[in-house]
Amino acid sequence: MPLPLFWFFAILMLVGGLAVISLRNPVAAALSMVASFVGLAGLFIGLNAYLVGIIQILVYAGAIMVLFLFIIMLLDLKTEEKRAPKVVPVVGGLGIVLAFTIQLIGVLGKTPPKESEPLDLVAAATHQTGGIQETLKDDRLPDVNLVGDLMFTEYNLPLQIVGVLLLVATVGVVVLSKRQTA
Amino acid sequence: MAGLHSYLLVSGLLFAIGLAGVVLRRNIIVVFMCLELMLSAANLTLVAFSRFNGVNGLPDYNGQMLVFFVITVAAAEVAVGLAIIVALYRARQTIHTDDLTSMRG
C-alpha cells in the first residue's frame, strides 16, 4: 500500500478512536467508531486481506454499530452529565496506557524493520490446485477461495464450534431479553 | 511501502486508545465500544503479520482465519453484552458504572 494512503487510513482510524473516548454524546461516539472501522478496513485491504476488509465493513461498521446505535436509541441516553472524575483511577489508567505506549515504542525501536515482499502469485500457483491455481496463474489473488479452502478443510472443527457458539449466544440473548414473569 | 513496524505501531496505538477508554469512560456502552476497538487492534496485528510472513509468495492465511474467528466471537459477545446492558438498565435505570456498586466488597 502506498505510504500516503497508509497514513490516511491509519490517521482516520486513530482519530476515530480518539473521538470515541473523548466525545460525551454516545451517538457521536458510535458514529466516530464507524469512521475508525472504515479506516481499519482500508488498512486490511492495503494488506491484501480483501475478505477480512469487506467483513470488517459489513459486520463491524454495518451490523455491530447499528446494534449499538439501536441500543443507545432504545435506552434513550442523553449526553453524559459532567461528573467530577476520580483522580486515582484516571491517573492509574493513564499511567498504564503511557507505560504500554513507551514499551511498544521501545520494542519496535530495538527490532529490525521488515519490509513487505511483493506477493509472487505465479510462483504460488505451483503449490495450489484447481480453480485457485488458474486464478493465480492469471496473476490475480483468489483471496476468498484461499480463505474458504482453508476454512472448510483445516479449520472445519473450529468453524462448527463457532456455529454452536453463535447458537448459544442467540438463545442466551433471547433468555436475557425476556421479561421475567414471576 | 509501509513496513511491518508502522502497522504494529498503529495497532498498538489503537489498543492504547481502547484501553484508555475502558479505564476512563464511565458510560458502560462506550466502555463496550472501546473493548471492540481493542479487539480490532489485535486483528490488525494478526493481518499485518499474516501479510509480512508470507508462505510460498502468498500471505499466511492461518492468521486471517484467526481474525475471522475473532470477528465472529466479537459479534456474539456484542449481542450478549448489549442484552445484559438492556437488562441492567431495566433493573437500575442507569448505565453509569459509578452507580453500579452492588458487587463492591
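A few points about this structure:
- Some residue of the stretch B:18-25 being more than 7 Å from every other protein chain (Cβ to nearest Cβ) and touching a residue at least 24 places away in the same chain (Cβ under 8 Å): no
- For the stretch A:97-143, a residue qualifies if it is within 24 Å of A:A49 (Cα to Cα), charged (D, E, K, R) and in a helix (DSSP H, G or I), and the qualifying residues are A:E134, A:K137, A:D143.
- Residues that are among the hydrophobic types (A, V, I, L, M, F, W, C) and more than 7 Å from chain A (Cβ to nearest Cβ) were ranked within the stretch B:34-57; the one that is farthest from the chain's Cα centre (by Cα) is B:V55.
- Of the residues in the stretch A:54-64, at least one is of a type in the set (G, A, S), part of a helix (DSSP H, G or I), at the interface with chain B (Cβ under 8 Å from one of its Cβ atoms) and within 27 Å of the chain's Cα centre (by Cα).
- Of the criteria (1) part of a helix (DSSP H, G or I); (2) farther than 20 Å from B:S11 by Cα; (3) more than 7 Å from every other protein chain (Cβ to nearest Cβ), which one A:L67 fails: (3)
- Qualifying residue in the stretch A:160-182 (condition: modelled with pLDDT of 85 or more, more than 30 Å from B:V22 (Cβ to Cβ) and not in a loop (DSSP other than H, G, I, E, B)): yes
- Single residue of A:K78, A:K86, A:K82, A:K110 found to be modelled with pLDDT of 85 or more and basic (K, R): A:K110
- Identity of the residue in the stretch A:51-75, among the aromatic types (F, W, Y) and buried (at least 16 other Cβ atoms within 10 Å of the Cβ), that ends up farthest from B:N43 (Cα to Cα): A:F68
The values are calculated or read from the model by the stated rules, or taken from the named source; none is laboratory data. A quick note: this is a predicted structure, and the numbers were derived from the prediction, not measured. As a convention, Cβ positions derive from the backbone with ideal geometry for all residues, glycine included, and neighbour counts pool all protein chains shown.
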